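S.K.: Have a look at this one.
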Amino acid sequence: MDSSSHKHPPISALGATGATASHHPIKAPSPATLAFLIWHHQHVIPPRARLIPACLAIAASATTLVFLLLSLLHTHLGDPRIHHLDLSIQSQVHRWTNPALTRLMLALTFIGSIKVFIPSLILSLALLLFTGERESGRRRVRKRHVTLLFVIAIGGALILNETLKTHFHRTRPQLPWSIGDEHTFSYPSGHSLFSFVLYGLIAYTILGRQTPLIWRVVAAALAALMTLGIGLSRIYLGMHFPTDVLAGYITAAVWLSAVIAIDLLWRSASRKAAHPTVASRSPDLRA
């Protein structure tokens, strides 16, 4: 009796010990603590600051989707049919070669290069942000918002371009008629990525304003033509495979969609935050 009881403790003792061990590390917050956390989130943290986790989640999701899509495309680049299609498209484009078209393609690829792209962007944003120092109120805030939007979009595109090129390590086409000499990796096309993001974002900012329909159509058409022209110039000059340009467009489309989604969330929060201020000032305006 004594030995068995020593080897097998009473069930009640086991139950008490197990209950204490299982419930000890888990402690639910009190109603007062929950109420304080909710109040702090709604009244102390600014409405736009609450969106930072959501914005980061959108950016992370877009980056993950880009890697998945480009990895899926990259796995098929070794397929002889895809390689033959790349070379076939390049041969067809090369048949258009003539001096006037070559000058146009060189101009387009120069416009889309980092040497022109980044300085022009910095100068444009500086003029946008620092002109009209006497401006105040909503217009001044809008300028800062647009500047920050472009910095996020282009900065993210630069990081994605360098990371993807380094990760996939695809060499550039080795063609006897290539015009130019670049030693960076080929996949995706940075020219295609940057032009899509830049001109797409310009079109988005114009389309979001109270502008006539004709100007919106013109902005969208010019953005599409510049993006397609710069991508085509990379194939025409033999600096990229067509699948490199396609990968650049895919990357830009996903990243630009994420930036627009973040912008819409941010603007919505700004409008909600502005309503109480307007309401509190309305009696003074009437007086």
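The values are calculated or read from the model by the stated rules, or taken from the named source; none is laboratory data. Predicted model, so just to flag it, every value in this text is computed and none were measured. No Cβ is skipped: glycine too gets one built from the backbone with ideal geometry, and neighbour counts run over all protein chains shown.
S.K.: Among the residues of the stretch 48-70, is any at pLDDT below 90 and of a type in the set (Gly, Ala, Ser)?
M.R.: Yes, some residue in the stretch 48-70 is at pLDDT below 90 and of a type in the set (Gly, Ala, Ser).
S.K.: Against the condition at pLDDT 55 or above, part of a helix (DSSP H, G or I) and among the β-branched types (Val, Ile, Thr), how does Thr33 come out, does it pass?
M.R.: yes
S.K.: Would you please list the contacts, defined by Cβ atoms under 9 Å and residues six or more apart or on different chains, that run from a residue in the stretch 86-101 that is under 14 Å from Ser178 (Cα atoms) and free of Cβ contacts under 8 Å to residues at least 24 places away in the same chain to a residue that is surrounded by 11 or more Cβ atoms within 10 Å (Cβ to Cβ) and among the acidic types (Asp, Glu)?
M.R.: Every condition considered, no pair remains.
S.K.: For the subset of the stretch 224-236 comprising residues that are among the β-branched types (Val, Ile, Thr) and farther than 14 Å from Gln92 by Cα, which member is surrounded by the most Cβ atoms within 10 Å (Cβ to Cβ)?
M.R.: Across the stretch 224-236, the extreme among qualifying residues is Ile230.
S.K.: Looking at the stretch 92-119 only, could you name the residues that are surrounded by 12 or more Cβ atoms within 10 Å (Cβ to Cβ), polar (S, T, N, Q) and out of contact with any His (no Cβ under 8 Å at 6 or more places or on another chain)?
M.R.: Thr97, Thr102 - these are the residues of the stretch 92-119 that are surrounded by 12 or more Cβ atoms within 10 Å (Cβ to Cβ), polar (S, T, N, Q) and out of contact with any His (no Cβ under 8 Å at 6 or more places or on another chain).
S.K.: If you don't mind, there's one more thing I want to ask. When you go through (1) at pLDDT 85 or above; (2) out of contact with any Leu (no Cβ under 9 Å at 6 or more places or on another chain) one by one for Thr251, which number turns out not to apply?
M.R.: Every listed condition holds for Thr251 apart from (2).
S.K.: Looking at (1) surrounded by fewer than 16 Cβ atoms within 10 Å (Cβ to Cβ); (2) under 30 Å from Arg95 (Cα atoms), which one does Val197 not meet, given that it meets all the others?
M.R.: It fails just one condition, (1).
S.K.: Quick check on the stretch 151-189: of everything there that is surrounded by 13 or more Cβ atoms within 10 Å (Cβ to Cβ) and touching a Gly at 6+ places or on another chain (Cβ under 7 Å), which residue is nearest to Thr64 (Cα to Cα)?
M.R.: Asn161
S.K.: Can you name the condition, by its number, that Ile45 falls short on among (1) at pLDDT below 85; (2) surrounded by 11 or more Cβ atoms within 10 Å (Cβ to Cβ); (3) part of a helix (DSSP H, G or I)?
M.R.: Going through the list (1) at pLDDT below 85; (2) surrounded by 11 or more Cβ atoms within 10 Å (Cβ to Cβ); (3) part of a helix (DSSP H, G or I), Ile45 breaks only (3).
S.K.: Going residue by residue through the stretch 126-144, is there one that turns out to be over 14 Å from Leu193 (Cβ atoms), modelled with pLDDT of 75 or more and in contact with a Phe, Trp or Tyr (Cβ under 8 Å, 6 or more places away or on another chain)?
M.R.: Checking the stretch 126-144: not a single residue is over 14 Å from Leu193 (Cβ atoms), modelled with pLDDT of 75 or more and in contact with a Phe, Trp or Tyr (Cβ under 8 Å, 6 or more places away or on another chain).
S.K.: Output the number of residues of the stretch 141-159 satisfying the condition of being over 16 Å from Gly200 (Cα atoms) and touching a Leu at 6+ places or on another chain (Cβ under 7 Å).
M.R.: The total comes to 2.
S.K.: Turning to a different aspect of this structure: If you check Ala221 against the conditions, is it surrounded by fewer than 14 Cβ atoms within 10 Å (Cβ to Cβ) and among the small types (Gly, Ala, Ser)?
M.R.: It is true that Ala221 is surrounded by fewer than 14 Cβ atoms within 10 Å (Cβ to Cβ) and among the small types (Gly, Ala, Ser).
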